[in-house]
Amino acid sequence: MKKLDTEAKLSREAVMSILLRVLGISVLCIAAAAAASPARAQFYEGKTLTLMVNYAAGGTTDVAGRVFARHLPRYLKGEPTVIVANRPGAGGLVGLSYLGSGAVKPDGLTACFCVVNVVAPIIGHAALKVTYDKFIYIGGAAEVNLAYGRRDIPPGMTSNADLAKAQTVFAAGYNPTAVQDIRLKFSLDLLGVKYQMITGFRGANKVLQAIAQKEANFAATSVSGYISQVKPNLVATGVAMPFFYFPMSREGGGYYAVKEIEAMGIPSFHDYYVKLRGEPPSGPVWNAFQLINDLGSAMLRAVLLQTAAPRQAVDELRAAIAGLAGDERFLKEYTRINGLPPDMVDSERGTRLLERLNKVEPETAAILKKIVAQK
């Protein structure tokens, strides 16, 4: 009996010894995995991230993209190199198509810093070679636009109210489907002003030159473009003047006023219309205008990756863009260059906005097709 007890005791000791060795090996494995995880998480370490801008170098989109590129490395693990490459054309559609069509390897190393053309997918534009479900929204910045024009638009512009009397408006645009062109057409149509579109300008600088050289006399630009380029070069010299800005609408009615713009004496299009017509704008055309203006403003500075990009790249780049939203150095430089702080759009909001493009009513799509076809 004593012998059986001794054997049982030895058996228990042997089992405990085996269990301790197994536990020790498990702890070592866990520790090794933990030690390895930080290296794995640094997707961009030692790599180069290219921000592809879909408008020309020197324009407002390019300038904003380069501000993002300068500050992103501090928020990307491993502090990789971030460079900017321009691929303009067809109102931003060339760059979007290039990124989403398979021409660029979906390795997470090329992202688009884009003006997202929100009209092209609604009307089925031939120059757009991809559908937007090929992209993942990472983050970005919204920005409203405003309209300005030469003071010598016949019969002469002494105040913004004189636009209603304009005899010959030649409006400069980028492309028939570009939101800038659409804004100009919708606003002039709603105001009853006769116009002719002169489109095909490759970037805000080219439009600025066209206005300065009398190739056109009316245009729209981002607020940052107005403050940094139009105001010092055309308004301050007496060549041009602002007319109104295009605010984003509030759910349930009204709009988000931009106090910095109104402080410059520039009214919203809504208030301008009310002052001219005595009642607020309404109807299907106005609704279509609001939809495109809202989406276009929110998608003016969007960072996109391909849907096939590594999830690790998506997560790290989203975190980096989110980090910029609270970065004093980034906000200070962006504000200094653009005149206003960025209205940052997070990944959730941006994703919802992209999805709205798939839910456009047929009536709205028909109105857009008609406005695009107008000269």
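Every read-out reported here was derived from the displayed coordinates using simple, explicitly stated rules and does not represent laboratory data. Treat the numbers as computed from the prediction; the structure is a model and nothing was measured. Virtual Cβ from ideal backbone geometry, glycine too; neighbours counted across all protein chains shown.
A few remarks follow.
- Measure of compaction for the chain (Cα Rg per 2.2 N^0.38 Å): 1.31
- The value of relative contact order for the chain, using C-alpha pairs under 8 Å at least six residues apart, is 23 percent.
- Segment 234-252 and segment 290-306 have their alpha-carbon centroids 19 Å apart.
- Calculated FRET efficiency for the pair V285/Q312, C-beta based, R₀ 45 Å, to 0.05: 0.50
- Straight-line reach from K194: taking Cα to Cα under 17 Å and skipping same-chain neighbours fewer than 8 places apart, the lysines in range are K165, K185, K370, K375.
- Relative to the dominant Cα principal axis of the chain, helix 311-324 is inclined by about 60°.
- Whole-Å distance, taken between Cα centres, linking segment 348-369 and segment 175-201: 20 Å
- With N counted as the residues of segment 145-295, its alpha-carbon radius of gyration over 2.2 N^0.38 Å works out to 0.96.
- Dividing the summed helix terms, -39500 (n - 2.57) for each DSSP H run of n ≥ 4, by the number of residues in the chain produces a 222 nm estimate of -13500 deg cm²/dmol to the nearest 500.
- Candidates L276, L93, L331, ranked by Gaussian network fluctuation over the chain, Cα under 10 Å, top entry: L276
- Taken over the alpha carbons of segment 114-169 as equal point scatterers, the Debye sum produces base-10 log I(q)/I(0) values at 0.20, 0.27, 0.29 Å⁻¹ of -0.78, -1.10, -1.20.
- Crossing angle, helix 328-338 versus the chain [Cα axis fit, 0-90 degrees, rounded to tens]: 20 degrees
- When the charge dipole of segment 145-295 is built from unit charges on Cβ atoms (+1 for Lys and Arg, -1 for Asp and Glu) and taken about the Cα centre, the candidate among Y273, P154, A164 whose Cα reaches farthest toward its positive end is P154.
- GNM result for the chain, Cα springs below 10 Å: residue of S101, S282, S228 fluctuating most strongly: S282
- Rounded to the nearest 20 debye, the dipole size of segment 145-295 about its Cα centre is 340 debye, using +1 on the Cβ of Lys and Arg and -1 on the Cβ of Asp and Glu.
- Against the chain, whose longest principal axis is taken from its Cα atoms, helix 362-373 shows a tilt of about 60°.
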